[in-house]
1. What tally of residues in region 331-349 results from selecting those that are modelled with pLDDT under 80 and touching a strand residue (DSSP E or B) at 6+ places or on another chain (Cβ under 7 Å)?
2. Yes or no: residue 249 surrounded by 18 or more Cβ atoms within 10 Å (Cβ to Cβ), assigned to a loop (DSSP other than H, G, I, E, B) and at pLDDT 90 or above?
3. When you look at residue 118, is it farther than 26 Å from residue 398 by Cβ, touching a residue at least 60 places away in the same chain (Cβ under 8 Å) and not assigned by TED's automatic domain parsing to the domain that holds residue 379, yes or no?
4. Can you pull out every residue in region 382-398 that is in contact with a helix residue (DSSP H, G or I) (Cβ under 6 Å, 6 or more places away or on another chain) and either closer than 13 Å to residue 232 by Cα or at pLDDT below 85 (or both)?
5. Condition first: closer than 23 Å to residue 108 by Cα and surrounded by fewer than 15 Cβ atoms within 10 Å (Cβ to Cβ). Now tell me which residues in region 48-70 satisfy that.
6. Just a yes or no: is a residue in region 180-200 assigned to a helix (DSSP H, G or I) and either out of contact with any strand residue (DSSP E or B) (no Cβ under 6 Å at 6 or more places or on another chain) or modelled with pLDDT of 50 or more (or both)?
7. How about region 374-388: which of its residues are in contact with a strand residue (DSSP E or B) (Cβ under 6 Å, 6 or more places away or on another chain) and either under 14 Å from residue 302 (Cα atoms) or outside the structural domain of residue 221 (by TED's automatic domain parsing) (or both)?
């Protein structure tokens, strides 16, 4: 192999390695904000990894680099991939999800592939790095502009792939209401409720997803935990859909209503991903009781792509009454507002209000107060009282219950 051929191969490997590392950096930085919302340490980890990968990519792309920088990239990627493997198999041994495996998503799979490819390319560069640097220092000729354009195009394709991976909705995202079937209009009659605009504490969409657990006393935390455990125990029988139907919670009928409503709105319910469906009890919604685990107003089920339904939580409602402040600061009540415009001979049009007001000719409709309680591990109490469905934690907890029952 001639010197020019060797240098050409080295440049191609170097820029491909840089491109794959930059792609991984884009993904890490793209999901960083979500991880900061879940846990500051996780967000910091993604920030540091993303910045380090981006700096490495820029250095490797622009000029020949020493072998120690290549080894740093190889070792760093190997460590990040190892952390990912642990988090998706046994679960990390620390943090809010300690011991609970996370669901595998498109973005993290693409990121791991890019990191493995980057490490492999960097490893192939190690024996070539010294000769390339020596040739450059001696004033050797650079490779053709055409080759530079080709490698640049490859880099752009990798970055586009990384951006595309970020754009794919994750089936178990903690803040995936729209994709989980929770972005429909509320009718107040048990169909899936919307994203909402009102709450006891102000704008619904302005409320933090998680409660301020740091301000809770030990007694408040213990009470909130007991309520979670009681609610799950008192509704455990409704994991059996036949028993749920006998008690007034018709899961199949609720799912049909959800599909019919989507059709009316010109939408399609994605059955290839997890969907939430709210299953009401007409009797419990009008019995005058509030926050009674033995008589919940609405049960929440997750429908898998295989068509199976799993009980994952409760939506307690207070109808039009002011709800009790029973489990502060964990439990937070909210309501939803919609603008309804009725035209003779046409179906009503439903829109979102602007700053609590509706356009001329529309009527502002307000639901009763409601609050969610998600069935997650009791040691993840803040997520049990989250505004948005913590899908990863719900899935991990259900898997742990299945494993426990199969081993007994």
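The values are calculated or read from the model by the stated rules, or taken from the named source; none is laboratory data. Note that the structure is predicted; figures quoted are calculated from it, not measured. Positions of Cβ are backbone-derived with ideal geometry, glycine not excepted, and every protein chain shown enters the neighbour counts.
1. Residues in region 331-349 being modelled with pLDDT under 80 and touching a strand residue (DSSP E or B) at 6+ places or on another chain (Cβ under 7 Å): 2 in total.
2. In short, yes.
3. yes
4. 384
5. Scanning region 48-70 gives 48, 51, 55, 58.
6. Let us first name the residues in region 180-200 that are assigned to a helix (DSSP H, G or I), namely none.
The answer is no; no qualifying residue exists.
7. Hits for region 374-388 are 374, 375.
The rows are residues; the columns are (1) free of Cβ contacts under 8 Å to residues at least 40 places away in the same chain; (2) farther than 24 Å from residue 376 by Cα; (3) not assigned by TED's automatic domain parsing to the domain that holds residue 208.
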site	(1), (2), (3)
256	yes, yes, no
275	no, no, no
314	no, no, no
325	yes, no, no
